[in-house]
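Shown next, in structure tokens, is the structure this report addresses.
The values are calculated or read from the model by the stated rules, or taken from the named source; none is laboratory data. These numbers were taken from a predicted model, which means no experiment stands behind them. We place every Cβ from the backbone using ideal geometry, glycine too, and count neighbours over all the protein chains shown.
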């Protein structure tokens, strides 16, 4: 078990290093001169050169990367050009809003998706299965920003049950959560359905049913636990993705989260902030992956012992 | 189910192809005197007019052209990159596989939409940049699936036999592995198109899609948000169009899967 954990962590670290390299390269391709951002467009060349030297931008690339990585490891992601604040503190101040949204959305999508998947698998091949398949495909095909806008119009404008965007308390959380959760629910229900169907075909389930166990009991006590495993992996990956900020939903609902922050950073060509948010997102995805892997290893002894699944 | 999907996709292609004949008005020029105030649906303008006096129906019809072009072309880019990497990793195995898969894992970790936004900001919004950008961020899933398939195919008897007969790798891939992976690749292409369509719509919504005045469904929704109090229909119809297109490809793809009985590898 310990070996497995260490391997997964090492892998995560490796991925993070690769990510930081790519992020760093992106920053250099973006056509914005930091010195101009600091000193203004009309500064004379000597001022620009001085700022270049001060920011260390005249050093060779690998040295710049090494310094960046070193600072990043100490939690310093630089200073934003536009906001004149520490990148790390800006990101951390916007993170709670995204975290709340992400966790609620994940919970709701699992709450909706798992029963849908179970129902579809229980009535496999018959009408409810087909209906649920179409429903989940419809959910997955809906553009998130459109769904959000429609919900905003209906819920905030016509019914007036919910505020028109912004993060102002529990009622403002409802619409964005539903928007985010519906698509994922459709996706999860498909995954669960397929793995449940496969699990129900296994010999041990047939034996149980041959011994008189009802379909639903067989599903609940035997098949479900095994079918949940792929779902755990995917949900873990998704959590990382959700936490890194769902730009579209946050834009529609004016949610003060990281996704929106990243979008503003890109629009303003605020390079340190862009790099910071991308790196932060990647770190969250890696963490989510790791959490899913560990959960999986805990649930499934075969994984931690390195045997065939 | 795939028939329904096929019909939807076909109808979309028809609309895109015959846009000039189908659209009642010019999508780019103002045809109604409603500048500044979107007009409600009426006999002359079945879906209303937008804030610049342009007919919404015509814009949606012409928007089909852009969406379909971007969706299919971006998918082609995605497939090229993904299939190449997947085949190489699955066929050659060993070190090649490890390196390619590590690289894929790193790309998977980077948030796709953020990357796409960053790339577009660098390359300036335009048809080509959108295609390349969407292709660059979407290939990882295809690569994984194709790699798994290539891995299993490479170990099958007919490939082993051909290799024993002295066939060079290029011939093995072209004549034996790839043709057998084609059904999978086709399905992934169809499902992939639904993904690229959504990604393109999202980028357009954020203002990074094909630049105006070319009608783009995502951008139409974004423009509509300013008027959602007075003219909610502006946001509804383009979204329905996107939904229709994406659903069509999804139904088609999943219909194939159900028909052929493939397992859950396509997540």
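Observations on the model:
- The helices (runs of 4 or more DSSP H) found entirely in segment B:85-177 that carry 3 or more residues being more than 17 Å from the chain's Cα centre (by Cα), farther than 30 Å from residue B:209 by Cα and away from every other protein chain (no Cβ under 14 Å) are B:94-109, B:127-154, B:157-164.
- Looking across segment A:97-125, just one residue is away from every other protein chain (no Cβ under 14 Å) and not in a helix (DSSP H, G or I), and that is A:123.
- Filter result (at positive phi and touching a residue at least 60 places away in the same chain (Cβ under 8 Å)) within segment A:61-105: A:78
- Test: residue in segment A:204-224 that is surrounded by 16 or more Cβ atoms within 10 Å (Cβ to Cβ) and within 13 Å of chain B (Cβ to nearest Cβ): no
- Residue B:186 meets all of the listed conditions (1) in contact (Cβ under 8 Å) with a residue 40 or more places away in the chain; (2) more than 10 Å from chain A (Cβ to nearest Cβ); (3) in contact with a helix residue (DSSP H, G or I) (Cβ under 6 Å, 6 or more places away or on another chain) but one, namely (3).
- Helices (runs of 4 or more DSSP H) fully within segment A:178-254 counting 3 or more residues that are touching a helix residue (DSSP H, G or I) at 6+ places or on another chain (Cβ under 7 Å), modelled with pLDDT under 80 and closer than 30 Å to residue B:108 by Cα: A:224-243
- When we screen B:41, B:27 for residues that are buried (at least 20 other Cβ atoms within 10 Å of the Cβ), modelled with pLDDT under 80 and not in a helix (DSSP H, G or I), the only hit is B:27.
- Answer residue from segment B:208-246, given it is within 18 Å of residue B:74 (Cβ to Cβ) and at the interface with chain A (Cβ under 9 Å from one of its Cβ atoms) and is surrounded by the most Cβ atoms within 10 Å (Cβ to Cβ) among those: B:218
- Yes/no for residue B:141 being closer than 20 Å to residue A:18 by Cα and either in contact (Cβ under 8 Å) with a residue 24 or more places away in the chain or loosely packed, with under 15 Cβ neighbours inside 10 Å (or both): yes
- Only a single criterion out of (1) within 11 Å of chain B (Cβ to nearest Cβ); (2) crowded, with 21+ Cβ neighbours inside 10 Å; (3) farther than 30 Å from residue A:163 by Cα; (4) at pLDDT 80 or above is not satisfied by residue A:270, namely (4).
- Options A:82, A:114, A:100: the member that is modelled with pLDDT of 85 or more, more than 19 Å from residue A:135 (Cα to Cα) and surrounded by 14 or more Cβ atoms within 10 Å (Cβ to Cβ): A:100
- Options A:35, A:27, A:41: the member that is on the phi < 0 side of the Ramachandran plot, within 14 Å of chain B (Cβ to nearest Cβ) and at pLDDT below 75: A:27
- Number of the exception - residue B:74 against (1) within 11 Å of chain A (Cβ to nearest Cβ); (2) in contact (Cβ under 8 Å) with a residue 40 or more places away in the chain: (1)
- Among the residues listed as B:251, B:191, the single one being modelled with pLDDT of 80 or more and facing chain A (nearest Cβ under 9 Å): B:251
- Of the residues A:152, A:173, A:157, A:131, the single one that is farther than 28 Å from residue A:265 by Cα and at pLDDT 85 or above is A:131.
- Residue within segment B:155-167 that is in contact (Cβ under 8 Å) with a residue 60 or more places away in the chain and in contact with a helix residue (DSSP H, G or I) (Cβ under 7 Å, 6 or more places away or on another chain) present: no
- Some residue of segment A:290-303 being part of a helix (DSSP H, G or I) and within 12 Å of another protein chain (Cβ to nearest Cβ): yes
- Condition check for residue B:181: under 27 Å from residue B:259 (Cα atoms), at pLDDT below 85, away from chain A (no Cβ under 14 Å) and crowded, with 22+ Cβ neighbours inside 10 Å: yes
- Selected residue (only one of A:194, A:207, A:177 is out of contact with any strand residue (DSSP E or B) (no Cβ under 8 Å at 6 or more places or on another chain) and in contact (Cβ under 8 Å) with a residue 12 or more places away in the chain): A:177
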